[in-house]
Amino acid sequence: MGERAAAASLKFVTVQANSASLAEARARVFEFFKTTCRSIPTVMEIYNLQDVVNESQLRSAVSSEIRRHAHITNPKVIDMLLQKGTEELHNIVQHSKQRHHIIGQYVVGQRGLVHDLGTKDEGTSDFLKNFYKSNYF
Amino acid sequence: MALRAALIRHLRVPVQTVSPAGRVSQPSVANSLFGSIRFMSSHDDHLSKEDVADRVLSVVKSFPKVDPSKVTPDVHFQSDLGLDSLDNVEILMALEEEFKLEIPDKEADKIDSCKLAIEYIHNHPMAS
């Protein structure tokens, strides 16, 4: 691994996030974002993504994932989301996932779900599309 | 032992440069030329400020949410370019990648305009 990724991966060994305030949770979010961005060169090398994406696109993908939850104000919810994010990052960096997972979730996934890009689902209603994504919309 | 040390101290041999021909040589012109060009020195390989400024501006311009025509060396990321704090961090990460640096959190919090970024990177000893 590069030196930056090796140094950043030490941050995986973390204490359970327990933020006292929104400001602390916000600081943790930025910390998580930086760790993720510093691991991006490693991820590209592990999964051979050099021809598929470049690093700034992956950074944008990560930041849009974080931005989806930007409206949340409860520090405990933010901690929970950070824990899920850290777990996901850990899985990716440890090569527990595979190339098609990364491409489907973070490369193509930003343009809409992969199966939505096919012609079969183009006519389906927005209600169904939202329903497939989550229970609450 | 002390006598031996005292004797050795008294026997001082003048140091002279001896050329391969066996003759004592004066410091030649060639030696003084080589003395001014330091081939193995890394003291002068700091980036120039224009170089740093060009590369910083190109990184900011290629950021997807930024309008390239608005980018000047004095532009402020959040107030002039309409970005938010997460975008600010993202630009800093792009700069870290470009210059192969790692900016600590305390310094990173203060950098929120092109001018500060150019200054910080120019003063950083490890920027390349």
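The values are calculated or read from the model by the stated rules, or taken from the named source; none is laboratory data. This one's a predicted model, so the numbers in the text were calculated from it and none came from an experiment. Methodologically, a virtual Cβ is constructed for each residue, glycine included, from the backbone with ideal geometry; neighbour enumeration extends over all protein chains shown. We work out accessible area using only protein heavy atoms, side chains counted, and drop any ligands, DNA or RNA first. Shrake-Rupley method; radii C 1.70, N 1.55, O 1.52, S 1.80 Å.
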Distance (nanometres) between label positions extended 7 Å along Cα→Cβ at B:R9 and B:E102: 5.1
A:D126-B:E119 pseudo-label distance in nm [points 7 Å out on the Cα-to-Cβ vector]: 4.8
Accessible surface of B:S79 - all protein chains present, 1.4 Å probe, nearest 10 Å²: 90
Distance histogram for the stretch A:61-105 (every C-alpha pair counted, 5 angstrom bins, percent rounded to whole numbers): 5, 18, 24, 25, 15, 9, 4
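Suppose accessible area is computed on protein heavy atoms with a 1.4 Å probe; arrange B:S69, A:S39 from highest to lowest. Please list the in-between numbers first.
Numbers: B:S69 95, A:S39 5 Å².
From most accessible down to least: B:S69, A:S39.
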Extension gain, A:I103 back to A:I72 (0.36 nm per residue minus Cα-Cα distance, nm): 8.4 nm
Amide hydrogen neighbours beyond the local backbone of B:S113, cut-off 5 Å, H modeled: B:F77
From phi via Karplus (6.51, -1.76, 1.60), per-residue ³J(HN,Hα) for the stretch A:80-95 in Hz, x at Gly/Pro: 5, 5, 5, 5, 5, x, 5, 5, 4, 4, 4, 4, 5, 6, 7, 6
Contour minus Cα-Cα distance for A:N54 and A:F137 (0.36 nm per residue): 26.6 nm
Averaged over B:51-58, number of beta-carbon atoms from partner chains that fall within 10 Å: 0
